[in-house]
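Worksheet for the structure shown next.
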Amino acid sequence: MDYLDGILANSEEKLDVVLQLTADDEELVSRLLGRAKETGRSDDNEAVIRHRLDLYHEQTEAVVAKYAERGILTQVDGIGGVGEVTDRVMSTLGDLLKVSAVIGR
């Protein structure tokens, strides 16, 4: 996170928003096992998937929490079909753009 902040500062840029798609672990395991079955990915077995999720909880959640502390984290429910999730993302981004225009960001 500090590295990214440095890169952005050097370019006189900053993050205005971080968008996180959310889903519970069991949903993610189910989806990834389905992907493994469809694509034949041998690295997507339940033990490996759960290990990746453990790493996410141990390492990445702290980064997400920092963005939340900064007030720039926006979470969108990632459960549902591609169209449903896309609609939620686009609606959320539209709302964020409206707010940004009002406050002059």
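Each value in this text was obtained by applying a stated rule to the coordinates, not by laboratory testing. The shown structure was predicted, so the numbers you read here are calculated from the model rather than taken from an experiment. Because the Cβ atoms are built from the backbone with ideal geometry, glycine has one as well, and the counts that use them run over all protein chains shown.
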Using +1 at the C-beta of Lys and Arg and -1 at the C-beta of Asp and Glu, which of Thr39, Gly71, Met1 has the Cα lying farthest in the positive direction of the dipole of the range 1-73?
Thr39
How would you classify the range 52-100 from its alpha-carbon gyration tensor, with a ≥ b ≥ c the square roots of the eigenvalues: rounded for a/c under 1.5, else prolate if a/b is greater than b/c, otherwise oblate?
oblate
Going by amide H atoms built from the backbone, whose H comes under 5 Å of the H on Asp77, apart from near neighbours?
Thr22
Among Glu84, Glu38, Glu46, determine the one that fluctuates most according to a GNM of the chain built with springs between C-alpha atoms less than 10 Å apart.
Glu38
Separation in nanometres of the label points that stand 7 Å from Cα toward Cβ, at Asp54 and Leu8
3.2
Note to self, the chain gives a 222 nm [θ] from helices alone (DSSP H runs n ≥ 4, -39500 (n - 2.57) apiece, / all residues, nearest 500) of -19500 deg cm²/dmol
At a threshold of 8 angstrom on Cα-Cα distance, excluding pairs fewer than six apart, so keeping six or more, what relative contact order does the chain reach in percent?
33
J(HN,Hα) series, the range 64-70, from Karplus relation 6.51 cos²θ - 1.76 cosθ + 1.60, nearest Hz, glycine and proline x
4, 4, 5, 5, 5, 4, 6
Using every Cα-Cα pair within the range 18-103, state what percent have a distance larger than 21 Å.
45
